[in-house]
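Novice: Sending over a structure as structure tokens; questions will come in a sec.
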Amino acid sequence: MARVAYVDGHYSDLGRTTVPVEDRGLQFADSVYEVIALVAGRLIDLELHLARLSRSREGLGLPAPMTDAGLRVVLDEVLRRNRLRDGLLYLQVTRGQAPRNHAFPARPRASLMVTLRAWSPFSSSLASGVAVVSGDDLRWQRCDLKTTGLLPNVLAKQHAHEAGAFECWMVRDGVVTEGSSSNAWIVRKGSVYTHPLCEHVLGGITREVILELADANDIEIVERGFSLSEAGTADEAFLTSTSSFVVPVVNFDGTDVGTGTPGPVTCRIRELYRDHVYGPAS
């Protein structure tokens with residue numbers, strides 16, 4: 001089945017879509033984006049994603065491409081045309097097409113593109129845990145905005161790939177901030193630690209939901225940064241993202257985390273999140 005994309009008012013086969021050469025998203029990464037999980041025909045935490053998209057847009061002074069109601073119509077139509085039950089929906093808003101100049105165009109017209117690809121939630125290949133390596137956090141000073149300026153993240157992910165690992169946890173001033181495409185968590189003596197939100201950390205939607213689930217289920221969460229040595233000596237570790245949900249980390253920088261297997265707190269949080277996505281098992 002052909003994949004159908006939306007670009008500025010037009011639905012067409014993905015392979016036939018085009019983007020203008022002078023689109024500012026292409027030339028300057030002057031754009032923001034969201035990735036939303038589609039599970040059993042339902043977009044997970046859609047409202048939270050759209051709220052974050054607005055925050056990112058406003059942080060860059062990007063105009064909205066359309067009303068929220070119009071955007072929902074576009075997303076529904078992309079889902080209908082692609083006929084997928086499980087997938088990852090990608091939407092990107094740019095400042096639009098303008099003659100190349102670093103300064104904003106006087107009257108920008110935002111551009112919107114939406115794509116959808118097949119994907120399997122709660123991948124069994126990740127359930128037994130993954131390896132993570134560390135690397136320097138080379139990103140800019142506003143990582144809290146979800147922009148398409150992802151080259152440092154790409155380099156970090158490639159560093160992990162070349163090391164035979166799943167993810168790279170980035171380090172700034174001796175503290176783990178987050179992964180190249182995920183939030184980072186460790187467990188010590190039953191308490192769960194993750195970096196607090198700030199300009200160096202993206203507020204992950206999965207992260208936000210897990211904080212709520214943990215609070216409702218008497219799991220202590222401590223929002224503070226942790227060091228490389230704390231990560232290396234943690235009892236458990238895991239990472240979270242829209243595309244991976246909750247994934248145990250069983251090896252960090254070449255050393256087993258805890259027993260080298262998913263720990264009980266991690267498994268409990270993964271179970272709670274699965275219930276959030278699918279509903280409690282009957």
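The values are calculated or read from the model by the stated rules, or taken from the named source; none is laboratory data. Just so you know, these numbers come straight off a predicted model, no measurement behind them. Note that each Cβ is placed from the backbone with ideal geometry, even for glycine, and that neighbours are counted across all protein chains shown.
Novice: What's the number of the only condition in (1) surrounded by 20 or more Cβ atoms within 10 Å (Cβ to Cβ); (2) outside any helix (DSSP H, G or I); (3) within 21 Å of the chain's Cα centre (by Cα) that Arg52 fails to meet?
Specialist: Condition not satisfied by Arg52: (2).
Novice: Restricted to segment 212-232, and to residues that are outside any helix (DSSP H, G or I) and of a type in the set (A, V, I, L, M), which residue is farthest from Asp275 (Cα to Cα)?
Specialist: Checked segment 212-232; the qualifying residue farthest from Asp275 (Cα to Cα) is Val222.
Novice: Scan segment 250-282 for residues that are loosely packed, with under 14 Cβ neighbours inside 10 Å, of a type in the set (Val, Ile, Thr) and assigned to a loop (DSSP other than H, G, I, E, B) and report the count.
Specialist: 1
Novice: Between Ser12, Ser31, which is crowded, with 19+ Cβ neighbours inside 10 Å and modelled with pLDDT of 95 or more?
Specialist: Going through Ser12, Ser31 in turn, just one is crowded, with 19+ Cβ neighbours inside 10 Å and modelled with pLDDT of 95 or more: Ser31.
Novice: Looking at segment 154-179 only, could you name the residues that are over 17 Å from Val246 (Cβ atoms) and touching a helix residue (DSSP H, G or I) at 6+ places or on another chain (Cβ under 9 Å)?
Specialist: Hits for segment 154-179 are Ala165, Cys168, Met170, Val171, Gly174, Val175, Val176.
Novice: Let me ask something additional. Just to be sure I understand the filter: pairs with C-beta atoms under 7 Å, separated by 6 or more residues or on different chains, first member in segment 13-31 and over 22 Å from Ser54 (Cβ atoms) and in contact (Cβ under 8 Å) with a residue 12 or more places away in the chain, second member of a type in the set (A, V, I, L, M, F, W, C) and part of a helix (DSSP H, G or I). Which pairs pass?
Specialist: Val19/Leu26
Novice: So which pairs qualify, if the first residue must be in segment 123-143 and loosely packed, with under 13 Cβ neighbours inside 10 Å, the second must be in a loop (DSSP other than H, G, I, E, B), the Cβ gap must be under 6 Å, and the two must be at least 6 apart or on different chains?
Specialist: Qualifying pairs under 6 Å: Gln141/Glu199.
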